[in-house]
Amino acid sequence: MKSDSDIREDVIRELRWDPQVSDPDAIGVAVQDGAVTLTGHTATYAEKLAAARATERVYGVKAVANDLKVRLSGEPRDDSDIAKAIAHVLEWNVQVPADGVKAKVQAGWVTLDGHVDYEYQRHEVERMVRNVDGVLGVTNTITVTPPVFPEQVEAKIVEAKIEEAFRREAEVDARHVRVEVSDHTAKLYGHVHSLNEVTAARAAAAAAPGVASVESHLLVSP
């Protein structure tokens with residue numbers, strides 16, 4: 001079992017290792033009982049999220065509180081310019097349904113609204129938007145309305161498909177993860193060894209037919 005001080009040192013090393021984190025010395029790291037809090041600032045919103053992902057990769061980390069502030073270099077970008085850039089990237093991405101998603105920008109903060117067929121599309125839209133220059137943050141209110149086919153209606157069938165996906169995943173220990181499906185929501189229970197395993201399990205469950213959302217109740221036990 002790693003001590004909090006060991007985890008802190010490993011997080012600092014991982015932040016310095018990650019090329020997406022341009023100024024790791026501007027990030028403060030505090031650890032208590034395996035829970036990491038990041039403070040300080042980054043130059044972009046995308047970098048803020050990259051710092052959190054780097055922290056989640058560290059063995060022994062059980063949770064991450066991302067309190068980093070985005071401090072843009074130079075003059076803030078005009079909201080209308082940000083909105084035009086977002087509209088452009090949405091238009092050219094073939095994974096996003098045409099006219100399915102709208103974005104509103106206020107003081108650099110983007111609110112996403114609309115609907116998509118699959119959870120991965122919801123995350124893809126947010127991934128694209130957070131990389132747009134000038135974005136300070138994203139609120140994602142996109143809803144998922146999955147197409148449902150007769151053979152996929154039964155919750156037990158969907159649960160079986162998800163469990164089968166877990167067994168295929170190299171990053172998920174299927175022996176310790178249980179899934180329950182109801183009202184198009186997949187709920188995950190059990191314990192995993194890292195936050196990366198939580199992410200992998202959520203992604204596998206979200207890809208199942210008929211699943212609109214995923215609730216993770218997984219405990220991280222390194």
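Here the condition is being open to solvent by less than 20 Å² (accessible area, probe 1.4 Å), touching a residue at least 40 places away in the same chain (Cβ under 8 Å) and under 17 Å from the mean Cα position of the chain (by Cα); of Ala206, Ala165, it holds for Ala206 alone.
Residues that are assigned to a loop (DSSP other than H, G, I, E, B) and modelled with pLDDT under 95 occur in segment 84-94; there is at least one. For segment 21-32, check the following and say yes or no: at least one residue is surrounded by 15 or more Cβ atoms within 10 Å (Cβ to Cβ), within 30 Å of Gln106 (Cβ to Cβ) and under 19 Å from the mean Cα position of the chain (by Cα). Looking for residues that are surrounded by 15 or more Cβ atoms within 10 Å (Cβ to Cβ), within 30 Å of Gln106 (Cβ to Cβ) and under 19 Å from the mean Cα position of the chain (by Cα), one finds at least one in segment 21-32, hence yes. Scanning segment 116-150 for residues that are surrounded by 14 or more Cβ atoms within 10 Å (Cβ to Cβ), without any contact (Cβ under 8 Å) to a residue 60 or more places away in the chain and assigned to a strand (DSSP E or B) yields Val116, Asn140. Give me the residue from segment 95-115 that is within 22 Å of Asp67 (Cβ to Cβ) and either in contact with an Asp or Glu (Cβ under 6 Å, 6 or more places away or on another chain) or assigned to a loop (DSSP other than H, G, I, E, B) (or both) and, out of that set, most open to solvent (accessible area, probe 1.4 Å). Checking each candidate, the answer is Ala107.
The values are calculated or read from the model by the stated rules, or taken from the named source; none is laboratory data. Remember, it's a predicted structure, so these values are computed and weren't measured experimentally. FYI the Cβ positions are ideal-geometry reconstructions off the backbone, even for glycines, and counts take in every protein chain you see. Each accessible area value is taken on the protein alone, full model and side chains, heavy atoms only, with ligands, DNA and RNA left out. Shrake-Rupley method; radii C 1.70, N 1.55, O 1.52, S 1.80 Å.
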